[in-house]
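A.B. asks: This is the structure, below, for whatever I ask next.
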Amino acid sequence: MKKAFLVVFISILFSSCIGGYSFTGASISAGTKTFSVDQFINRSRLIQPMLASELTLALINKISSGSSLQSVNDDADISFKGTIIGYSISPVSIQGDDKAAKNRLTISIKVNCVNRKDKKMNFSQTFSRFRDYDSSLSLNDVEEALMKQINEELVEDVFNKAFVNW
C-alpha cells in the first residue's frame, strides 16, 4: 500500500512539473517553436579566422540544449544576427621594468535578436568578455583555450538576455 501511494505521489509531482519548469530558467513565449542564428560576421580589426563560425555554432548549441526550440534556416520565431566587433590583446599588469606581466584577450560582439512572437523581447546589445594570461606565454599557446572560455561566457550572456530576462 505504501509503495502504491509513493508511486502515485511521485507521478503527480512530476506531471505537475511538466511545462512549468526549465532547468535553464528559460522563459519562452507561448507559441514560440523555432529559432535561427545567422553566421556571425567578423568586423574586428584583428581577425581570428575560426571565431565567427565557433560563436555561431556555440549559440545554436546553447539554444538547442537550453530550450525546446527547433533550429531552422528561415522564418524563425526568434532570429539572431551577430557581429564580432572586437578581438584585441592588451597588457594589463605592468611590472617594475615596464613589461607586461599579464596580457588580456578581449572579445566583443553585437547581437540583434528579433522575437516575432513577443516584440518587447527584441534587443540589440553589445556583449564583451575577456581572459588574462601570463605574458611569458605566446598567444598561439593559449588562444584556443581562452577563446573557448570567452565564447562560452558570451553565448551564456546572449542566451540569458534572450530567454532568462536577466
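The values are calculated or read from the model by the stated rules, or taken from the named source; none is laboratory data. Please read these numbers as outputs of a predicted model, since none were measured by experiment. Don't worry about glycine lacking a Cβ; one is built from the backbone with ideal geometry, like all the others, and counts go over all protein chains shown.
A.B. asks: Residue 139 is checked against (1) surrounded by 15 or more Cβ atoms within 10 Å (Cβ to Cβ); (2) without any contact (Cβ under 8 Å) to a residue 60 or more places away in the chain; (3) more than 19 Å from residue 57 (Cα to Cα) and fails just one. What number does that condition carry?
C.D. replies: The number of the failed condition is (1).
A.B. asks: Taking the condition touching a residue at least 60 places away in the same chain (Cβ under 8 Å) and either surrounded by fewer than 16 Cβ atoms within 10 Å (Cβ to Cβ) or within 13 Å of the chain's Cα centre (by Cα) (or both), does residue 75 pass?
C.D. replies: no
A.B. asks: Name the strands (runs of 3 or more DSSP E) wholly inside region 62-166 in which the number of residues that are touching a Pro at 6+ places or on another chain (Cβ under 9 Å) is 1 or more.
C.D. replies: Output list reads 100-115.
A.B. asks: Take region 57-72 and flag every residue that is crowded, with 17+ Cβ neighbours inside 10 Å, more than 17 Å from residue 151 (Cβ to Cβ) and hydrophobic (A, V, I, L, M, F, W, C).
C.D. replies: 69
A.B. asks: Being surrounded by 13 or more Cβ atoms within 10 Å (Cβ to Cβ), at pLDDT 95 or above, basic (Lys, Arg) and more than 21 Å from residue 143 (Cβ to Cβ), is that true of even one residue in region 35-56?
C.D. replies: Looking through region 35-56, none of the residues is surrounded by 13 or more Cβ atoms within 10 Å (Cβ to Cβ), at pLDDT 95 or above, basic (Lys, Arg) and more than 21 Å from residue 143 (Cβ to Cβ).
A.B. asks: Does residue 59 satisfy being touching a residue at least 60 places away in the same chain (Cβ under 8 Å), in contact with a strand residue (DSSP E or B) (Cβ under 6 Å, 6 or more places away or on another chain) and under 20 Å from residue 46 (Cα atoms)?
C.D. replies: Criteria not met by residue 59.
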